[in-house]
Every structure is written in structure tokens, then in C-alpha cells.
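The values are calculated or read from the model by the stated rules, or taken from the named source; none is laboratory data. If you're wondering where the values come from, they're calculated on a predicted model, not measured in any experiment. The protein model used for the area step is the full one, side chains on, heavy atoms only, and it has no ligands, DNA or RNA in it. Shrake-Rupley method; radii C 1.70, N 1.55, O 1.52, S 1.80 Å.
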Amino acid sequence: MASSISGVARDLVRIVMRAVDTAISGEDVATYCGAIARLTTEPAGGRVLGDVLRSLLEDTHPDGFSSDDITLVVGRCYRQAVAWLPPERVDVTVLLAALAGALGIHEPGITYEALDLPSSSAAE
């Protein structure tokens, strides 16, 4: 797929594909972390991932996305992530922020720390 896209977009697609492929396999945390670190250096990286997430949510929930759906999605993401990533690398607050951002209900640039909300921890 990336071969039909040119320039910076192609590089972004390759980075995303590497991160996703590594996450799906769940075998190489170092490669995944490297891909994510590289993705954070791309100005459009977060926007692209947010748009992809929103599209996936719209496809899987064509009748709307309820609070119960949010609970299920975040819980499933957390459980899948801690199955192969160290629990301290998975923050439910970040999962919620990513989901809220993809749904257009989380203002970019405002962090949960700035709002003085409690952060999540693997022990909770």
C-alpha cells in the first residue's frame, strides 16, 4: 500500500504500518516502542491515527457510540495492551484521551494533568 503513496505521507504510512504490525504480533516491544517514538516526531501522526480510529469506530458502531461502548473499547484496548507491553507503559487516561480526541470531544493540547484529574495506574 505504501508504494502507491508519495513523499512524507508514504513515510507516515510505513511508520504506522510497522507499529500496527508489531502491536498485532505482540512479539517485539522494542520495535513497537521505536515505531511509536518515530511516529511522535511526525506532526501529522496524531491526526492521522485519530482519523483512522474515528473511522474504525464509525464502521464498528454504525448506530452510534454509547458510554457502554466506550467502557468496552477502552477495557479491551487496555487488556490487549498489557498482555504484551509492560503495564507501566499502558495508561488508561491516555487511552481515554486518544478516544475522546478521535471522537472530537477532547480539546487538543489540554492534558488531564492540566485539568488536575487523577491519573490512572496499572494497579487500579
* **Carbon plus sulfur fraction of accessible area for the range 1-103, probe 1.4 Å, in percent** => 59
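Please compute, over every Cα-Cα pair in the range 43-106, the percentage with a separation greater than 16 angstrom.
Numbers: 977 of 2016 pairs.
Value for the range 43-106: 48 percent of Cα pairs lie more than 16 Å apart.
Seen from all sides and averaged, what is the projected area of the convex hull of the Cα atoms in the range 1-66, in nm²?
Numbers: hull surface 22.3 nm².
In nm², the orientation-averaged hull projection of the range 1-66 is 5.6.
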